[in-house]
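Here is the structure we will look at, set down as structure tokens.
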Amino acid sequence: GAVAAVLDAVAQEQRAEEARRREERAEEAARLREAARAIEEELGRAAGAGADAARRPAGAAEAGGAPHSIPWGHLAVRQQIGRGSFKTVYVGELRGTRVALLMVPGGTGLEDEVMLMARLGNSPNIAVCYGLAQEPAAAARALGRDCLVMEYAPHGALIERLEALDEATWPARTLLSIAAQVAQGMA
């Protein structure tokens, strides 16, 4: 009886802690969505695009137009957080909001990726694409880089989280939640 009561108390504490963590993540997600909306509105005003642009996903083009261009001076590049075969990812800031900066050699065609992101629209299950910036060639010793400015994911890339996943230690409801969120983003 006493052992069962202790086990029940421990399980109840674990459930309460998990609920608290879920609530914190939801609050952080809401804060990030609000910051994304503020940046979209600011970029829309800066471009002189008016109310219609503020409602478009950042990076969206006018019909037949080019992806949203972000002046390099509006960015602050901070710390490198990842590296791939052709890109380097940094954490940075866009007018005071933390963002992810995907840097690739200039002329690699990021415009197509921004256009695709714009067509996907806004969803809490898809990272926001704010637009493109181009590093001044002088700052990169005449090599210039293109920069995809994206919403920062504080917990890292989904693929890295899934690769590190030990399914035996994750509760089934957590795995189901991950699958549902991926499905919602795909939908």
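What follows draws every value from the coordinates through simple rules; no lab data is involved. Quantities reported herein were computed from a predicted structural model and do not represent experimental measurements. Here the Cβ positions follow ideal geometry from the backbone for every residue, glycine too, while neighbour counts run over all protein chains shown.
Which loop-located GluC sites (Glu not before Pro) does region 146-187 contain, where loop means any DSSP state but H, G, I, E or B and the Cβ has at most 16 other Cβ atoms within 10 Å?
Values: sites: E151, E160, E163, E167; in loops: E167.
Hits after loop and neighbour filter: E167.
Can you give me the distance in nm between label points at S123 and S69, each placed 7 Å from the Cα along the Cα-to-Cβ direction?
Label at S123, label at S69, 3.1 nm between them.
What FRET efficiency comes out for R22 versus D166 if R0 is 22 angstrom and r is the Cβ-Cβ distance? Round to the nearest 0.05. Please report the intermediate quantities before stating the final value.
Values: r = 20 Å, r/R0 = 0.90.
Efficiency computed from Cβ-Cβ geometry: 0.65.
Can you pull the one-decimal nm distance between simple spin-label points at I81 and V6, each 7 Å off the Cα toward Cβ?
Spacing of the two 7 Å Cα→Cβ label points: 4.2 nm.
Taking R0 as 30 Å, what FRET efficiency do you get between Q181 and Q134 from their Cβ-Cβ distance, rounded to the nearest 0.05?
Details: r = 33 Å, r/R0 = 1.09.
It comes to 0.35.
Which one, L101, I126, A187, is farthest towards the positive end of the dipole of region 78-187 when Lys and Arg carry +1 and Asp and Glu -1 on their Cβ?
L101
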